[in-house]
Amino acid sequence: MKRKVILIAALAAGLVAAVLTRIYLAAKDAEVRDLKAAITARYGTIDVLCFKHDTPSGTAISKADIGYKTVPAVGMRGQALEPENFGDVVGRKTLIPHKTGDVLFWSDVEGGDPSASGLSADIKKTMRAVSINCSGAASVSSMVRPNDHVDVIGTFDFNEASGKKSLVTCTILQNVLVLATGSDTAKTSRRSLGMGGGYTTVTLEVTPREAEMLAFAEQIKGRLVLTLRNRNDTSYERELPKVDFEKIRGEIEELNAKRQREKMTTGH
């Protein structure tokens, strides 16, 4: 009898955990939808060209390869190919492989944008280009490329009032467009030739205020690191905390437990 009660209690606890997990995931899904809606409301949408099926690198693009879809305009306008560019891209070869639904960018095809000249032509109005020292591991093993989107994370060494030094890490900017890596821009991309590495600077498209922040961060000798995003990810994390040793020590167990729960839920 006691064993039966324990079994029933365990099953009940499992059901409660499953229900709570479902509620949590539903809440997160709703949060993501609300955030996408807010981004769409602020920046609008844009119709872009996309691949209708998996396409290997070196493929001569045909009309049957390309479709259309609507996406948030942030980070896309002036970079992604729009319906009026359809005739400009047919017959040109892809530089990298693509999956079904991938947005087609000028940096994905041989020759880039035929109407643009110089880096200044790639910068949207009211925006600025700023280069930061960022190579090797700090730029995802030098795999960051023009037209990628990244987050910028900074680590800074502060002298406290007590005289003690402390390190603090925080996310400075999110979802930033990469205009160039070294001297390699979207129009001169060499990744099809396997020559993408070797740069020591990354040029980002930012607002004037963001440019000041990055300049100050480098002036105080902060270490800047880029985290690479999925090209279709326009999400924004609110209130990301500053991280120091105490933060890591206090939350690392909780973060690892959360990661394991999400793996069990999603299977990834």
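The values are calculated or read from the model by the stated rules, or taken from the named source; none is laboratory data. What you see is a predicted model, and the numbers here were worked out from it, not measured in a lab. No Cβ is skipped: glycine too gets one built from the backbone with ideal geometry, and neighbour counts run over all protein chains shown.
Observations on the model:
- Residue check for residue 144: touching a strand residue (DSSP E or B) at 6+ places or on another chain (Cβ under 9 Å), surrounded by fewer than 17 Cβ atoms within 10 Å (Cβ to Cβ) and either modelled with pLDDT of 90 or more or in a strand (DSSP E or B) (or both): no
- Positions within the stretch 55-82 being over 21 Å from residue 177 (Cβ atoms) and not in a loop (DSSP other than H, G, I, E, B), in sequence order: 55, 60, 63, 64, 65, 66, 67, 68
- Criterion: more than 26 Å from residue 147 (Cβ to Cβ), assigned by TED's automatic domain parsing to the domain that holds residue 133 and hydroxyl-bearing (Ser, Thr, Tyr) - qualifying residue of 203, 207, 227, 265: 265
- Scan of the stretch 217-229 for residues that are modelled with pLDDT under 90 and not β-branched (Val, Ile, Thr), ordered by number: 217, 218, 219, 221, 222, 223
- Among the residues listed as 224, 214, 240, 255, the single one being assigned to a helix (DSSP H, G or I) and touching a residue at least 12 places away in the same chain (Cβ under 8 Å): 214
- Of all residue pairs spaced 6 or more apart or on separate chains, those with beta-carbon atoms under 6 Å, a first member in the stretch 136-158 that is of a type in the set (S, T, N, Q) and a second member that is crowded, with 16+ Cβ neighbours inside 10 Å and part of a strand (DSSP E or B) are 139/202; 139/226; 147/105; 155/169; 155/223.
- For the stretch 174-198, taking the residues that are modelled with pLDDT of 75 or more and surrounded by fewer than 19 Cβ atoms within 10 Å (Cβ to Cβ), the one that is farthest from residue 225 (Cα to Cα) is identified as 183.
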